[in-house]
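The values are calculated or read from the model by the stated rules, or taken from the named source; none is laboratory data. Since the model is a prediction, treat every value here as computed from it, not as a measurement. Note that each Cβ is placed from the backbone with ideal geometry, even for glycine, and that neighbours are counted across all protein chains shown. SASA here: full protein model, heavy atoms, side chains in, ligands and nucleic acids out. Shrake-Rupley method; radii C 1.70, N 1.55, O 1.52, S 1.80 Å.
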Amino acid sequence: MQTSVHAQEKLAVKHCNIIGSGIFISPKGVLEHAGSVGFSLIVWVLGGGICALGSLCYAELGVTIPKSGGDYSYVTEIFGGLVGFLLLWSAVLIMYPTTLAVIALTFSNYVLQPAFPNCLPPYVATRLLSTTCVLFLTWVNCSSVRWATRIQDVFTVAKLLALGLIILVGLVEICKGHYDVLRPNAAFEFIRDPSVGQIALAFLQASFAYSGWNFLNYVTEEVVEPRKNLPRAIYISIPLVTLVYTLTNIAYFSSMTPDELLASNAVAVTFGQKLLGVFSWVMPISVALSTFGGINGYLFTSSRLCFSGAREGHLPYLLAMIHLKNCTPIPALLVCCTATILILCIGETHNLINYVSFINYLSYGVTIAGLLYYRWKKPKLHRPIKVNMLIPVSYLLFWAVLLGFSLYSEPVVCGMGLVIMLTGVPIYFLGVHWRNKPRWVYCVVESVTYVGQKLCYVVFPQDDPLESRLPVEQAESKSEL
């Protein structure tokens with residue numbers, strides 16, 4: 001049974017690929033901050049290049065530290081428990097829930113926009129529909145791994161259909177001579193005075209669409225011949241995705257002026273209404289299905305990260321448990337669902353993207369800095385893949401400039417993410433580092449775990465090392481008292 005579950009998990013993660021729903025969300029933000037059509041296209045191309053540099057660094061880490069869990073596992077191995085915990089803390093509280101909230105809001109906007117063609121959909125309606133979507137997909141993921149993977153398979157097709165249709169129709173328009181906005185003299189007419197801070201925010205907006213380039217590192221232990229397949233996946237996927245994203249934006253500009261794109265709440269819907277005529281309904285349905293699948297994929301991946309954290313003792317053991325019959329990580333899924341709904345109620349899409357992209361880039365930079373530190377700390381360690389030193393150094397230079405100017409331009413939004421991340425410091429020392437806690441603390445934890453197991457009907461996975469470790473730790477804590 002365990003083998004079949006792992007096989008299904010690998011299939012699901014495989015489909016959580018880099019081409020995500022962000023391409024239907026970010027073009028407006030990229031154009032707004034870049035200031036011109038031409039510069040926004042440059043941001044999309046350079047954004048793909050930066051992802052390629054980061055992916056090569058992650059490939060070295062993936063074969064040098066062959067643990068599932070991605071950034072969290074690498075940072076924990078290199079820098080120790082505190083830094084790893086802060087990365088995990090920010091992922092569980094910020095990265096995954098905020099990304100889920102943005103995609104869910106996009107889903108509701110694309111579903112409701114055709115019903116409100118001349119105005120924004122009502123705030124309450126978008127939040128209710130987003131919450132309903134998240135709750136439904138949480139139930140699906142709690143009920144069956146097979147259902148979750150089937151949804152991912154079907155809705156990945158919808159995502160590719162929507163992008164293919166946009167690019168095809170856009171190229172047809174360009175062949176007809178409709179590319180006035182793309183002419184060099186018009187493409188670089190700035191709608192606002194450019195600044196380094198605004199350009200940094202444009203890269204943050206684009207990075208949201210590219211997020212997911214490191215997902216393969218979450219299952220490194222299960223990748224066959226990672227020394228060959230990790231670089232191969234990078235060399236094929238990153239250029240392909242960069243091309244698709246750039247062509248999609250070119251297609252948008254074949255039918256929309258910059259002002260029209262900035263005024264649109266659902267760019268692909270506006271594109272469809274202008275070019276597809278009676279078939280314009282295809283676009284909102286395709287994008288809604290794409291974002292629906294995106295939510296499903298992120299819910300699935302978040303549960304794997306929670307398991308890695310619980311395995312290291314950085315999260316409650318309850319989050320590493322799975323349903324006795326369905327083999328689904330119900331407690332981890334419920335935590336992610338609850339955090340997502342809370343963020344849905346308080347956030348706005350544009351600010352949420354800056355918020356989550358800032359934290360994402362922060363975690364990427366810390367991880368790649370760890371690569372350099374590990375080279376210095378263990379120079380003789382066997383590395384099946386060893387990238388040129390210029391690659392991590394170039395990435396970190398870009399990373400420092402990007403985060404510095406982003407924080408300067410959006411101090412409240414980006415600073416809030418930093419504050420939430422740093423709240424993990426006292427949590428780490430109280431919950432993880434402090435070993436000899438009072439007896440009542442262990443009693444509370446045991447009671448909550450017991451109640452959680454009874455409510456969710458969950459146990460440790462078969463042959464999981466936690467299963468044998470937990471009773472020993474509990475016995476040691478009681479003997480010390």
task: Kindly check whether there is at least one residue in the stretch 293-312 that is touching a residue at least 60 places away in the same chain (Cβ under 8 Å), open to solvent by 10 Å² or more (accessible area, probe 1.4 Å) and in a loop (DSSP other than H, G, I, E, B).
output: yes
statement: Checking VAL401, VAL393 in turn, the sole residue that is within 17 Å of TYR58 (Cβ to Cβ), of a type outside the set (Gly, Ala, Ser) and over 18 Å from the mean Cα position of the chain (by Cα) turns out to be VAL393
statement: Sole miss for GLY277 among (1) open to solvent by 10 Å² or more (accessible area, probe 1.4 Å); (2) at pLDDT 85 or above; (3) farther than 30 Å from LEU418 by Cβ is condition (2)
field: Where a residue in the stretch 36-58 is open to solvent by 30 Å² or more (accessible area, probe 1.4 Å) and its partner, wherever it lies, is not in a helix (DSSP H, G or I), with Cβ under 6 Å and at least six apart
entry: LEU56/VAL387
message: Among the residues of the stretch 64-82, what is the count of those that are assigned to a loop (DSSP other than H, G, I, E, B), open to solvent by less than 60 Å² (accessible area, probe 1.4 Å) and under 22 Å from VAL224 (Cα atoms)?
response: 4
query: Using beta carbons and a limit of 9 Å, which pairs, at least six apart or on different chains, have the first residue in the stretch 225-238 and closer than 13 Å to LEU61 by Cβ and open to solvent by less than 100 Å² (accessible area, probe 1.4 Å) and the second one outside any helix (DSSP H, G or I) and not hydroxyl-bearing (Ser, Thr, Tyr)?
result: PRO226/PRO66; PRO226/PRO384; PRO226/ILE385; LEU230/VAL223; LEU230/ILE385; PRO231/ILE385; ILE234/TRP213
message: Exactly one of these conditions fails for VAL157: (1) assigned to a helix (DSSP H, G or I); (2) among the hydrophobic types (A, V, I, L, M, F, W, C); (3) crowded, with 21+ Cβ neighbours inside 10 Å. Give me its number.
response: (3)
message: Can you pull out every residue in the stretch 93-116 that is without any contact (Cβ under 8 Å) to a residue 60 or more places away in the chain and open to solvent by 10 Å² or more (accessible area, probe 1.4 Å)?
response: LEU112, ALA115, PHE116
- request: Select, from VAL412, VAL441, the only residue that is open to solvent by less than 40 Å² (accessible area, probe 1.4 Å) and without any contact (Cβ under 8 Å) to a residue 40 or more places away in the chain.
  value: VAL441
